[in-house]
Amino acid sequence: MTPDLLDEGAARLQAHQRASAQGKTASGGRSASYGRPAQAGEVDVTHGRILYLEDVCVSFDGFQAIKHLNLDIAPGELRCIIGPNGAGKTTMMDIITGKTRPDSGSVFFGSTIDLLRHTEPEIAALGIGRKFQKPTVFEELSVFENLELALKTDKRVPASLRFRLDAAQADRLAEVLHTIQLAEQCTRQAGLLSHGQKQWLEIGMLLVQEPRLLLLDEPVAGMTDEETARTAELFLSLRGKHSLMVVEHDMHFIRAIAGTHGIVTVLAEGSVLAQGTLDAVQADERVIEVYLGR
Ligand SMILES: Nc1ncnc2c1ncn2[C@@H]1O[C@H](COP(=O)(O)OP(=O)(O)OP(=O)(O)O)[C@@H](O)[C@H]1O
């Protein structure tokens, strides 16, 4: 996200908050079961799923990009999504985040929040954070200022706290700086960071908002081997506290984060072709044919 877009997003969020208070959002002020946007802590995962897609279909000008897609993710899970170019991975994330509306099917956050009834900013505010492939931090600001700004755009932070951090928020920023391994760089201008560090900073900007679910699109593209290895460590440290959906083509990275037990979903031609441990999907003849064998 460019600074302009972030400013625009913050303005839209404020406008949405005002409209939401008056019941004038695109969803008519309705959401979840409370008649207002549910807070992240209210996601009902008692059925063991934080995300649930059922029979989702999307067509673009007659081309079916997503075909009867079924997928669910457990709370705290680190799910890897792989698949050839054009398989529908980005489109699936667009559907989850409200950027693209499916033609049919269901998309639930927890067991009660119907994401198809929410707008893109509402979905972000519900606790679904998305990281696009390219890092989009504020290059002129310091690492700390970038994180502080991300906290200020969090709609759960009351307006009165927007320009002064309280002790809990300062602790949160310190914790995130430590998690993304940028504590020593905290006063450094973001534009001077390496590509990998910028990616971690942007992940930190999502983390300060304490998302329940993080969607990460090709997070290690363009990283050095060392940065890739550190990113794997970072994601493994986030597992359990957050649910993560990671789309990536780098199979060494997938191996590092999926290990021997993590579930890997293989998408092809808009639906799930195979799902299981990395060893199992890599041994699947259908996967070899459409993806790994290419
Ligand atoms: N807005 C759109 N209009 C028309 N076609 C689209 C649109 N968005 C996606 N598609 C098509 O839908 C298919 C799925 O695209 P998508 O970007 O989701 O695949 P992907 O798995 O993310 O691919 P990659 O690994 O290359 O990023 C592709 O054939 C793509 O051209």
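Hand me the GluC sites (Glu not before Pro) from region 71-142 located in a DSSP loop with no more than 14 other Cβ atoms within 10 Å, in residue order please.
Counting only loop positions with at most 14 other Cβ atoms within 10 Å, the GluC sites (Glu not before Pro) in region 71-142 are Glu139, Glu140.
Considering the dipole of region 58-179 built from charges on the beta carbon (Lys and Arg +1, Asp and Glu -1) around the Cα centre, which of Thr97, Ser59, Gly86 is farthest to its positive end?
About the Cα centre, the residue reaching furthest to the positive side is Ser59.
Of the DSSP beta bridges with both residues in region 144-294, give the percent that are antiparallel, rounding to the nearest 5.
45 percent
For region 75-133, what class follows from the C-alpha gyration tensor (a ≥ b ≥ c being the square roots of its eigenvalues): rounded when a/c is under 1.5, otherwise prolate if a/b is larger than b/c, else oblate?
Note, shape of region 75-133 comes out prolate.
For labels at His252 and Thr46 in the simple 7 Å Cα→Cβ model, what's the distance in nm?
If labels sit at His252 and Thr46, their model points lie 4.7 nm apart.
When a footprinting reagent is the concern and you count Cβ atoms within 10 Å, what order do Asp284, Asp114 take, fewest first?
Listing Asp284, Asp114 from fewest to most nearby Cβ atoms yields Asp114, Asp284.
Read the figures in this text as sums done on the coordinates, not as results from a lab. Not measured: the values here are computed from a predicted model. All Cβ positions, even for glycine, are placed from backbone atoms using ideal geometry, and neighbour counts span all protein chains on display.
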